Amino acid sequence: MIIVAAFLTSILSGVFGMAGGLVFMGVLAWIIPVTTALALHGVIQFASNAWRVLLHRKHVAWPVLLWFAIGAVTAIGFFSLVVFTPTKFYVFLGLGLMPILVWLPERWLSLDATHRGHALGGGFVSTGIALVSGVSGPVTDLLFIHTKLNRHQVVATKAVMQAMGHAAKILVYGALLLSAEARQIVPLPVTAVAIIASMAGIMVGGTILDRISEAHFRASRRWIVTIIGAAFLFQAVQIAAA
């Protein structure tokens, strides 16, 4: 299930630059312990996003990423000082509520990833949320509301941003994957095959991306994450009621 989910959700990320990580985190949190899920999600998604960056490297808006990285490193330093143990409820609640951000009126958040202050704040907030709920795609997506970057630049640049968030999870939770208990739950060969599957999914998604229009790209993303978020919010409610 982990390998199949890694492949299919990476196709989704390869097309829209988001949503795939949301679904994959939900699948992992559903079938394995949360802290192990966060660590495994970080490893596989880091590899997936790094591969996406390699495939679309000519479209990456590198100047944007310096300030985003400063914010991300600051978040890692801050959260390393905070004692917090994520639970399935918090993970599903975060996954369920995050898509609300894509429906905020654009005039409320006139954000542009090419603006230094916006990129700096976005790096801090998105990395922090990634450490708590596992994903931050809809948050980083807000940085591209008013950007003039095209769809290929958005997908490529956001892939680097997402890779930073997943690297943060590896730093904070990664050691858990080396424990005997984690290796019994998810053997290392499964992780390796899942990484390869995610890379294959990114390639398939990139092919689809080339064939869709700019308008279809922007319109579809909002509805996709909303439907996914509603499903996870329902799951959080069920956990709370249990």
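The values are calculated or read from the model by the stated rules, or taken from the named source; none is laboratory data. These figures come from a predicted structure and were not determined experimentally. Methodologically, a virtual Cβ is constructed for each residue, glycine included, from the backbone with ideal geometry; neighbour enumeration extends over all protein chains shown.
The table below gives the values:
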| read-out | value |
| --- | --- |
| Residue ID - farthest from the chain's Cα centre (by Cα), chosen from residues in segment 226-238 that are hydrophobic (A, V, I, L, M, F, W, C) and either under 10 Å from residue 95 (Cα atoms) or surrounded by 15 or more Cβ atoms within 10 Å (Cβ to Cβ) (or both) | 236 |
| Condition met for residue 16 (farther than 19 Å from residue 172 by Cα and aromatic (Phe, Trp, Tyr)) | yes |
| Helices (runs of 4 or more DSSP H) fully within segment 129-231 counting 2 or more residues that are within 25 Å of residue 65 (Cα to Cα) and touching a helix residue (DSSP H, G or I) at 6+ places or on another chain (Cβ under 8 Å) | 137-142, 151-173, 188-209 |
| Qualifying position, being at pLDDT 85 or above and either over 25 Å from residue 181 (Cα atoms) or surrounded by fewer than 19 Cβ atoms within 10 Å (Cβ to Cβ) (or both), among 101, 65, 97 | 65 |
| Single residue of 14, 21, 42, 77 found to be surrounded by fewer than 18 Cβ atoms within 10 Å (Cβ to Cβ) and not hydrophobic (A, V, I, L, M, F, W, C) | 77 |
| Verdict on residue 4 being surrounded by fewer than 21 Cβ atoms within 10 Å (Cβ to Cβ), within 14 Å of the chain's Cα centre (by Cα) and part of a helix (DSSP H, G or I) | no |
